[in-house]
1. Over the protein assembly as shown, what percent of the accessible surface lies on carbon and sulfur atoms, probe 1.4 Å?
2. Considering only B:ILE165, B:ALA74, B:GLY675, whose Cα is most displaced toward the positive end of the charge dipole of the protein assembly as shown, charges sitting on Cβ of Lys, Arg (+1) and Asp, Glu (-1)?
3. Ranked by accessible surface with a 1.4 Å probe, highest first, in what order do B:GLU452, B:GLU513 come?
4. Relative to the present Cα-Cα distance, how much length would full extension add between B:GLU374 and B:GLU599 at 0.36 nm per residue of separation?
5. Quick check: the distance between the Cα centres of region B:636-711 and region B:491-569, to the nearest angstrom?
6. For the Cα atoms of chain B, what angle does the longest principal axis make with the long axis of helix B:568-578, in degrees from 0 to 90, nearest 10?
7. Given an 8 Å cut-off on Cα distances and at least 6 residues of separation, report the relative contact order of chain B as a percent.
8. Show the residues, 5+ positions off or on another chain, whose built amide H is closer than 5 Å to the amide H of B:VAL710.
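The values are calculated or read from the model by the stated rules, or taken from the named source; none is laboratory data. What you see is a predicted model; the values in this text were computed from it and never measured. Note: ideal-geometry Cβ built from the backbone for every residue, glycine included; neighbour counts use all protein chains shown. Heavy atoms of the whole protein, side chains included, go into the accessibility calculation; ligands, DNA and RNA do not. Shrake-Rupley method; radii C 1.70, N 1.55, O 1.52, S 1.80 Å.
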Amino acid sequence: MTRKYKKNKCSKNCKLLISIAVIFLFFLIFLFLFNFLPRITAQDEFHIKSARSYVVGDGIVLDADMIMNFSEEVAEALENGIPLTIMVEVQLFRERFLWRNSIIKESRQLFELRYHPLTNIHEVKNMASGDRYSFNSRQDAMAVLGTIRGAHLIDKKMLAQDKQYSIQMRTSLHINSLPLTLRQIASLSSSWYLKSPWYLWNINIDNTLEKLP
Amino acid sequence: MIKKLFSGPVAIIILLLLLFFSLRIISSAVMDVAQFQQLYYILLAVNLVILCMLIFLISRKAWRLLHQLRRHVAGSKLTLRMVIIFVSLAIFPALVVYSFSIHFIHRSIDSWFDVTVESALEDAMTLSRSAVDEKKKTLLRQMRRLSDDMLVDAETISVVSLNEIREKSGVYEIALMNSKGRVLGSSSIEKDGIVPDIPSSDLLLPLRQGRDHVVMDLSDDSNRMIRVLTRVSIKGEKDFLVLQAMAPISERLHRLAATVQQAYSEYKGLVYLRKPLKTTFTLTLSLVLLLGILSAVWAAFSSAKRIAAPIRDLSEGTKAVAEGEYHKPIPILNNDDFGLLIESFNKMVRRLSRTHKALEESHQQEKRQKDYLEVVLGSLSSGIISLSENQEIRTCNPEVSLILGINVNNYQAKPLLDLTSEKSELEPLVNWIISAIENRVKHWNEEMTLSESGGSKNLLCRGNALADGGYVIVIENVTSLVQAQRDAAWGEVARRLAHEIKNPLTPIQLSAERLRHKYLRTMQDKDAETLDRLTATIINQVDSMKEMVKAFSEYAKMPELKMQSLEIESLLTEVVDLYRSHDKLGIKQDLLIAGSLVEADQGRLRQVFHNLIKNAIEAAAERDKICLKIKGRIREEVNRSYCVLELSDDGMGFPEELLNNIFDPYVTNKPKGTGLGLAIVKKIIEEHGGSIAAENDVDGGAKITIRLPVV
C-alpha cells in the first residue's frame, strides 16, 4: 500500500509559497537587525556642514567642510591601536525625469586614521595615494580630514551644457575595514554606525561659482 | 524538486555537509583569522539560511504533529514521545559540550594575555616615551634658545647665522620659513645645497595656533629624522617665521622605538579586541549550537516519523480490513521486526480475503439458489408456506396469497394465527394446521372447503415436517377441479336425460294425442271427460318434461364463449332497463363502476343478468311487489381488481337447507323450476374467470354476489 498524501496541486503551490515567504521573512528580520536597527538608534555624529563645487579651468572642483565626531567606543578603539577608516563618497549624476538618475562619476576616498602611542601622534593615511599626515591631536587630524579644498571632481567637457547635474556627498566610518572580531559588534551597534546623510546640491557648469543648495 | 530537497536523506546530507563546513571554518578561524575574515559573510549567510529553513521545517512538522494528535491519528503519540526522547538525548550533551566550549574559548583567549607581559610592555612604552620626549624636549629647548639668541632682527639674519645655529645645535638641517611655509633660507650638513625638507601644511597648523611642534616619524619608510618646528618672532616682521630643524635619529634608536610602538599597539589592540572576540566566538558557537539542536530536532521528527510509519500503516491497514477492504497489502519497507509484523499482517489479510471471497461466493450461490427457488415456487400453481418450529411464517410464495385472498408476505416472521386477524374465514384452515403441528403429525393431507364472501373454495392442504422442526405446507385450490368434475357429472346426467328421456317423450305425447283423438268422440260424456283429462295431463306433462330436457340439453351443450371487452355498467343497465316497467319489480341501482371493462361474452353475461332478475321476479310470485337492489363496486384484491355486483331482494331468501348447494343443477324450491337457472349462471360466471356466491341478507332476502375480473 502506497501511503497517500491527498493534496491537490493548489495546496502544494500554496505551501511552497508559504515556505518562500517564511524564509524571506527571516531574511528581512536579519536585515533589519543588521542594518536598520543601528540606523534607527544612531546619533548625528557625522554630518556635512557645507559643500560646494565650482569651475576651475577645464575642471570642476569641490570644497567641503565635514564634521566628524567619534563616539566614545570608537575613540576608545582608536586609542587602543585599532585603525579606523573614514570613507568619503561623492556622486555626480544627471537628473532624469521619471527615470533613475544616471551616475556620471562616483568617487570613494578612504582615509585611515591611526594613533601612535609612543610619539603620541595621530596619523592620517590616504589609502589611494599612500600619503601620510601626522597630527599632535585627534582634533587636529579630524579637522584636516574634514576639510576638502579644491578637490578635482570631473572635467568640464564630460558634462553636457543642456543637462541638469547634481552632486551628493556623504562621509562614514567604514565598518568593513575594521578587524573582523570588531566588525560583528560594530555592525549591530549604533555607537559604531557613523554615517552622514547625503548632502545634495545642483551644479550649473555655465557658472563658475557653485549653486548652493 | 524543492520538496525533495526539503525532505528525505538528501536534505539531511546537505545539512550535515553545511554544518561540517561551518564547524571546519570555526576551527580554521582559531588558527587563521585572515581566512575567517574572508569567509565570514558566506558563513553567516549560509548559517542564517539553514537556520531559517530549519525553523520553518520544524514549525511545519510540529504543526502537523499537533494536528495529528488532535485528530488522534495512529502513531502520532508515539511520534511525539520519540521526538521528546530524541530531542532530550540531543540537547543535553550539546549543552554540556557548548558550555565547556565557551569556557574553553574564554580561557584560551584570556591565556593570550599575561599581566606581567602587559606590565612590561607598559613600562617599555613609558620608558620609550620618556626617552623620545626627552630628546624632543631637548631639541626644542635648544632650538628655542638658539633662535632667541640669534634670530632677533630681520636685518641681521643671514645664512651665516643659520649655519651657526646648525653647527651649535648639531642638527642635520636648518631651514627658516615664513608662516606660509616658504623657505627663506636654509643650512644643511650636506655641502651640495640640497633643497630643504619642506613641511606639509598640516605640520604648520600648530604653529599658527602659537604652539611649537616636534614630529618624530617611526614608520619604516621615514627618513629617521626628528622634525622640530619653532615659531620665531622677529622685530619688524608682522607675521611669525618658522625655524625647522631636522635632527637625525640613530638607526638603532629608531628601530627600537618602532618595535616597542608596534608591539605595544598590537598588544593593546588585542586586549581591546579580546571582548569582541569572545563575543564573536560565543555568538558563532551559539549559532552552531542552535543549528545543531534544530537539526537534531528536525532529525528527531524525521526519524520518529519513519519509525512510526509502519505503525501508521498497520493502523490504516487494520482500519481498511475493518471496513472490508482486503486488497491493500502494506508495503514492507524494512526487514526489521516491523517488517516481520507487516508480513504477518499481510498474510492474515490475504487469508481473510480468501475466506471473505469464499463466503461471498457461497452467499452469492445461496442467493442464486434462493432466487431460483423463489422463481420455481412463484411459478407453481400451489401455494406454499414454510413455518418455523414455533409456527411463525418463514417464507411463502405469491400463489398462497392468491389462494388465501390475503397478502401472506406481510406476515413473515409472524405467527400463522395472525392470518385470522385479517381474514376470519381462514380460521378453520389455520386452526386445523396448528392442531396438526401441535399433534406432531409429520405428514398430512386434507381437503377442506373454505366459505368466503365470494363463494366457497375447495382447498387441498398437505403438510410435511422439516428436519429443523419446521413445516412446509402446500395448499392447492381445487375449487375449479371439483367444479369441473361436478359440471362434467352434471353434463353427463343432462346428456343422458336428453338422450334417454327425450326420445320416448314424443311417442308418448303422440300416443296420448292419438288416444284422445280416436276414442274421445266414441265415448260417453263421463268417460270422454276422464279421457280428455288424462290425455291432457299426459300431453302437458310430456311438454313439461320436454322443456326440462331442453333445459338440461342447453346446460350440457353450452356454446363457445365469444369474449370481448365490454363496459359492464352499460350492459347491466341495458338489461335492467327492460324490467323497469315490470309491475311486480322495483329496482334500486347503485353502481360505481363507470368505465370498468370486463372481458366477457356479451350474450352470455346478459343471460346471467336476465336469469337473476327473473329469479327475483319469480320469488315475488306470491307477493305484490319485490324490490331488487343492484349494487356495483370495484374492489382491489390481491394483485387484481374485481368488479363486484351484488343483487339482493327483500323476498324470503334462500331456504337454509339449499343454501350450500343452490348453484347445483336441479336444486330449486320453485314448483315448476328446473333447478338449472342458477347453475347456468354460475357456470357462465366461472367461465369468465369470476365467482358467484349466494347468501341470505341480514335484513332478509336473497343476495347474489358476482365477482368479475376487471381488464
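1. Details: 28920 of 52240 Å².
Carbon plus sulfur share of accessible area: 55 percent.
2. Towards the positive end, the residue furthest out is B:ILE165.
3. From most accessible down to least: B:GLU513, B:GLU452.
4. Values: separation 225, 0.36 × 225 = 81.00 nm, distance 3.07 nm.
The span from B:GLU374 to B:GLU599 would gain 77.9 nm if fully extended.
5. After rounding, the separation between the Cα centres reads 28 Å.
6. 30 degrees
7. In percent, rounded to a whole number, it is 8.
8. Under 5 Å from the amide H of B:VAL710 lie the amide H atoms of B:SER641, B:TYR642, B:CYS643, each far enough along the sequence or on another chain.
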